[in-house]
Each structure stands twice: as C-alpha cells, then as structure tokens.
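Only one structure is covered here, and it is reproduced in the block below.
Derivation of every value follows stated rules applied to the coordinates shown; laboratory data play no part. All values reported here derive from a predicted model rather than from experimental measurement. Note that each Cβ is placed from the backbone with ideal geometry, even for glycine, and that neighbours are counted across all protein chains shown.
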Amino acid sequence: MELKNLVEFMGEHCFKQLVVDHNFLDVPCLKMLLSKFLSFGVVAGSLVYKLPQILKVQNSRSAKGLAMLGVLLELLSVTISFSYSYSKGFPFMTYGESVFVAGANLLIICQILSFEHGGVGFQGLAGIALYGAAVYALLGGFVPFSALQIMQGCVTPIVIASRLPQIWESYRNKSTGQLSFITWFLNFGGSLARIFTTLQEIDDPLVLIGYIVGASLNAIIIGQIFLYWNNSGAKPSKPKKPAAKKPATKAAAAKKKKAN
C-alpha cells in the first residue's frame with residue numbers, strides 16, 4: 001500500500017499517532033483502525049457469505065424452508081441502505097456489503113422461482129428489470145434526499161418484516177429446511193461488526209438501529225437452526241392400523257369343524 005493510500009485509509013491524525021509517533025496507546029485511533037479492518041472484512045466476506053446458502057439450494061434442487069417474502073424484504077432493505085449511504089457520501093467500506101448482498105438475494109430469488117414455482121418466467125424477468133430501474137433512479141439523484149431519509153427510517157421495520165416470515169416458517173415446520181448455518185452465522189457476525197463500525201465511522205442513528213435489530217433477529221434464526229437441527233420438516237406419516245380379521249362364514253366354520 002502506497003504512503004498516500006495508507007494516510008487516506010488511517011486518516012492524517014491516526015497516521016501521525018500510530019506510524020510516525022509510534023503512539024500505540026492512542027485508543028481512539030486504535031478503535032478507528034479496528035473499525036477499518038472490520039469494515040474491510042465485512043465487505044470482503046459479503047462476496048461469499050451467501051454462497052453456502054446458494055450452493056445448498058442448488059445442490060439439493062430445492063428451496064424448501066426459504067421464505068420468498070423474507071428474501072424480497074431483505075433485498076428492499078439493503079437497497080435502501082446502500083442508496084442512502086451512497087447519497088450521504090459515506091465511505092464505500094461502511095456499506096459495501098449491502099451491494100453484494102442485494103446481488104446474492106436476486107440470485108436466491110431466481111432459485112426459489114426455479115425450484116419451487118416452476119421457473120423464473122416473464123414476471124420474474126420483468127421484476128428484475130424493474131428493480132434495476134429503481135436502483136438507477138435511487139443512485140442517479142432522481143429521488144430527493146428527503147425521500148431517501150424517510151425510506152432509511154423505514155429500514156428497521158422492513159428488517160423486522162424480512163426476518164419474521166423466515167422465523168415463522170421455521171417455527172411452523174419445526175424445521176429450518178435448506179437454511180445454511182454458515183450463511184446466517186456470518187450474517188450475525190457481520191451485523192455485530194457493523195454496529196461497531198457505524199459507531200466509530202459514521203454515527204448515524206438511522207443506520208445503527210437497523211444493524212442492532214438485524215443482529216437480534218439473526219440470533220433468533222441461528223437459535224432455530226440449532227433447535228431444529230435434526231428435523232427434516234417432513235410430517236410423520238400415521239401408522240397404519242392392522243387390518244381387522246373378517247368374521248368366519250358359517251360354511252367355513254362347518255368345513256373347519258368337519259376337518260377336525
């Protein structure tokens with residue numbers, strides 16, 4: 001990393017304290033540096049963190065246990081989040097994972113349509129095109145920032161609404177189906193890291209509340225995965241009753257008596 005890039009990464013004050021003056025007891029700078037590394041880790045991890053879920057669905061050729069409504073609402077929440085953060089000029093490393101999660105969710109939606117609804121179809125393709133147009137409008141400055149603020153304020157209830165269908169689906173089936181523990185564990189860890197980085201780097205209450213609520217609900221889903229770990233979700237079949245013996249006819253009884 002070039003010196004100029006290192007200064008931009010750490011900030012002039014922290015670069016001077018940690019690199020030039022070797023003041024490794026500067027707690028605020030140490031926290032900021034930790035936040036930078038966590039942000040980098042979260043964004044890098046977001047490139048692959050949904051991969052176990054995608055592969056699990058693809059290999060089983062089944063999206064059983066995945067709530068379409070939950071995936072759609074999560075797509076909506078992360079789209080609003082990265083549009084709001086981009087418009088406010090936040091560093092990409094403080095919200096970049098939302099961009100990659102949105103892309104992964106689009107793929108998961110296509111998987112659900114393919115394996116559970118017979119194919120993506122015209123409506124699915126039209127929906128993807130409409131989503132692309134909406135993102136272009138949000139990032140292109142066609143939507144007033146005041147509207148984006150209102151939308152960001154709605155992210156927390158959207159996050160709640162995106163997790164509740166999944167939580168209910170797992171509770172109703174007493175199974176988490178094709179949910180990937182690795183994916184949800186990384187999701188939970190990323191949310192915790194984002195709480196710290198938000199406090200250190202942007203300190204925006206609208207963004208912070210969303211991460212706190214998201215981490216709490218992710219913890220519930222992880223708990224369900226452990227709770228229903230050995231459940232397949234298939235309803236047990238009722239044991240068949242033994243066939244009742246037919247009463248012997250008079251002719252058969254007489255024949256048996258004669259044989260004796």
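Annotations
- Tallying residues that are in contact with a Leu (Cβ under 6 Å, 6 or more places away or on another chain) and farther than 16 Å from T197 by Cβ within segment 22-48 yields 0.
- Filtered by the rule that a residue be free of Cβ contacts under 8 Å to residues at least 40 places away in the same chain and either basic (K, R) or outside any helix (DSSP H, G or I) (or both), segment 37-87 gives a lone residue, V48.
- S87 vs. criteria buried (at least 19 other Cβ atoms within 10 Å of the Cβ), closer than 30 Å to P205 by Cβ and of a type in the set (S, T, N, Q): no
- Tally of residues being at negative phi and either surrounded by 18 or more Cβ atoms within 10 Å (Cβ to Cβ) or outside any helix (DSSP H, G or I) (or both) across segment 168-187: 11
- Counted residues, segment 186-219 - those being free of Cβ contacts under 8 Å to residues at least 24 places away in the same chain and of a type in the set (D, E): 1
- The set of residues in segment 120-171 being hydroxyl-bearing (S, T, Y) and touching a residue at least 24 places away in the same chain (Cβ under 8 Å) consists of Y131, T156, S162, S170, Y171.
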